[in-house]
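**Student:** One structure follows; several queries about it will come next.
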Amino acid sequence: MFFIALYVGLSDMFGGFDRYIYCELFDDVADAIKKGQNIQDAAIYTSFSTEPGFALINTLIGIFTANRYIFILLLTLIIYFLLYQALKLYTSNYAFALILFLGLIMMFSFTYLRQLLGIGVAWLSIPFIIKRDFIKYAIIVFIAATIHNSALIFFPLYFVPIKKLEKNTVLYIFVGCLLFGIFNISEAIFGVYGDAMDDQRRMADLARDQNAFRIEYLLEAIVFIYIIFKNYEKIPSNSKSILLLNMSLIFCAILLFFIRSLNGGRLTWYYWIGMISTLTTICTRRKKVTQYGILVIAICVALYLRILTGWGGYGQVFYPYKTFLTPGHRAGDIVWDEYEYDRRYDNDKFYR
């Protein structure tokens, strides 16, 4: 995980629009600190007015460095440390869990830094669900929500019974979520969730694509539901395993609920650790991979390659790989052409 974190954190502005926005806002607050200006006037405090935790993190890093690349590297290392802690605590086979991590999460860590940080913080609250300590749980989820408001979707987990539900009950819930999703009732909820960083063009893109049926969400949910139900009785009966099992079911339910949302599937990410833990338990026995494990590995490879080769229509978001340790940028990088806001970085990555 440490070397993957370095691979992601040292990359030269990979991931597209989001990373440039984060860096531009960080440069602004770092300049305010350097000039002794009121940091409350920095754009990040207005752009993320409902997420002051993220603005505070930018400010703390800005005290020590004004360089956007160091900012990204430090943020990435923090995120990966939090994700590593969750994998260590909640998965039974670390190697297999890493394969799931690569297929489900790793690519998104290049660009959705704020949400991944919120997820890592939210997962710190899981022990307090098991201990039934609502105050500590709520405080941690609240802190996560100050980094990314979408963390609030993790809040209801505390009220889900820590018991194995009947399969028929779960199926009824899935059918209900799918119907809600098909009739686009989820649109209002997604509107509340929407990123504070979205500009007018991105909001227009989301509105245009909102009604498209996401067949990939349906297929992903069906495959995971099938694997889990075929092994439902094999899930251990301890509180931790059952909680993580229920998280994996919520993961599928959210996919179905947002079946017509371009980015609604991002809300499932808070329940990733449940899916990773449950699939790891099902797919490995005595350090051996089961037949379901082969299927899951194939799915992860497909998900990985789909993002690697075609994300965002650019096809060059992630490769060829380049670090920020050398000057310049990748030839033909459409993202750089469109979003680079300070081309002095191209000549000297450490001029700030």
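The values are calculated or read from the model by the stated rules, or taken from the named source; none is laboratory data. Just so we're clear, the structure is a prediction, and the values are computed from it rather than from any experiment. Note: ideal-geometry Cβ built from the backbone for every residue, glycine included; neighbour counts use all protein chains shown.
**Student:** Hey, does the stretch 277-297 have a residue that's surrounded by 18 or more Cβ atoms within 10 Å (Cβ to Cβ), in contact with a Gly (Cβ under 6 Å, 6 or more places away or on another chain), in a helix (DSSP H, G or I) and on the phi < 0 side of the Ramachandran plot?
**Tutor:** Within the stretch 277-297, one or more residues are surrounded by 18 or more Cβ atoms within 10 Å (Cβ to Cβ), in contact with a Gly (Cβ under 6 Å, 6 or more places away or on another chain), in a helix (DSSP H, G or I) and on the phi < 0 side of the Ramachandran plot.
**Student:** Then there is this: Which residues, counting only those in the stretch 1-53, are modelled with pLDDT under 95 and in contact with a strand residue (DSSP E or B) (Cβ under 8 Å, 6 or more places away or on another chain)?
**Tutor:** Ser11, Asp12
**Student:** Based on this model, can you work out whether Val170 counts as loosely packed, with under 14 Cβ neighbours inside 10 Å, under 27 Å from Cys283 (Cα atoms) and of a type in the set (A, V, I, L, M, F, W, C)? Give the steps one after another, and end with the answer.
**Tutor:** Working: loosely packed, with under 14 Cβ neighbours inside 10 Å: no; under 27 Å from Cys283 (Cα atoms): yes; of a type in the set (A, V, I, L, M, F, W, C): yes.
No; evaluated as a whole, the condition is false for this residue.
**Student:** Identify, please: which residue in the stretch 27-42 is touching a residue at least 24 places away in the same chain (Cβ under 8 Å) and β-branched (Val, Ile, Thr) and is, among those, surrounded by the fewest Cβ atoms within 10 Å (Cβ to Cβ)?
**Tutor:** That would be Ile33.
**Student:** Give all pairs with beta carbons closer than 8 Å in which a residue from the stretch 43-61 that is within 14 Å of Cys23 (Cβ to Cβ) meets a residue that is assigned to a loop (DSSP other than H, G, I, E, B); count only pairs at least 6 apart in sequence or on separate chains.
**Tutor:** From residues that are within 14 Å of Cys23 (Cβ to Cβ), the pairs are Ser47/Ala196; Ser47/Met197; Phe54/Phe48; Phe54/His148.
**Student:** Here's another thing I want to ask about it. Being farther than 27 Å from Thr309 by Cβ, in contact with a Phe, Trp or Tyr (Cβ under 8 Å, 6 or more places away or on another chain), modelled with pLDDT of 95 or more and assigned to a helix (DSSP H, G or I): is that true of Val141 here?
**Tutor:** Working: farther than 27 Å from Thr309 by Cβ: yes; in contact with a Phe, Trp or Tyr (Cβ under 8 Å, 6 or more places away or on another chain): yes; modelled with pLDDT of 95 or more: yes; assigned to a helix (DSSP H, G or I): yes.
The answer is yes for Val141.
**Student:** For the stretch 254-271, name all the residues that are modelled with pLDDT under 95 and part of a helix (DSSP H, G or I). Outline the logic, then answer.
**Tutor:** Within the stretch 254-271, the first condition is being modelled with pLDDT under 95, and the residues that meet it are 254-269.
Within the stretch 254-271, Ile254, Leu255, Leu256, Phe257, Gly264, Gly265, Arg266, Leu267, Thr268, Trp269 meet the criteria.
**Student:** Let me ask something else. Return a yes/no flag: does the stretch 192-215 have any residue that is under 21 Å from the mean Cα position of the chain (by Cα), modelled with pLDDT of 90 or more, closer than 28 Å to Phe17 by Cα and not aliphatic (A, V, I, L, M).
**Tutor:** The initial filter retains those residues of the stretch 192-215 that are under 21 Å from the mean Cα position of the chain (by Cα), namely 192-199, 202-203, 205-206, 209-210, 214-215.
Among the residues that remain, those that are also modelled with pLDDT of 90 or more are: none.
No, the stretch 192-215 contains no residue that is under 21 Å from the mean Cα position of the chain (by Cα), modelled with pLDDT of 90 or more, closer than 28 Å to Phe17 by Cα and not aliphatic (A, V, I, L, M).
**Student:** So, one more: Just the residues that are farther than 12 Å from Cys23 by Cβ, modelled with pLDDT under 90 and either of a type in the set (Lys, Arg) or outside any loop (DSSP other than H, G, I, E, B) (or both), please, taken from the stretch 330-352.
**Tutor:** Within the stretch 330-352, Arg330, Ile334, Val335, Trp336, Asp337, Glu338 meet the criteria.
**Student:** Might you let me know whether the stretch 158-165 holds any residue that is hydrophobic (A, V, I, L, M, F, W, C), in a helix (DSSP H, G or I) and closer than 30 Å to Leu305 by Cα? Spell out how you get there, then give the answer.
**Tutor:** Within the stretch 158-165, the subset hydrophobic (A, V, I, L, M, F, W, C) is 159-160, 162, 165.
Now narrow it down to the ones that are in a helix (DSSP H, G or I): 159.
Next, only the ones that are closer than 30 Å to Leu305 by Cα stay: none.
No, there is no match, as no residue in the stretch 158-165 is hydrophobic (A, V, I, L, M, F, W, C), in a helix (DSSP H, G or I) and closer than 30 Å to Leu305 by Cα.
**Student:** Go through the stretch 85-117 and give me each residue that's in contact with a Lys or Arg (Cβ under 8 Å, 6 or more places away or on another chain) and free of Cβ contacts under 8 Å to residues at least 24 places away in the same chain.
**Tutor:** Result: Tyr94, single match.
**Student:** Among the candidates Leu100, Leu117, single out the residue that is out of contact with any Ser or Thr (no Cβ under 6 Å at 6 or more places or on another chain), of a type outside the set (Asp, Glu), closer than 19 Å to Leu243 by Cβ and assigned to a helix (DSSP H, G or I). Step through it out loud before you land on a result.
**Tutor:** Details: Leu117 fails: closer than 19 Å to Leu243 by Cβ.
After ruling out the rest, the residue left standing is Leu100.
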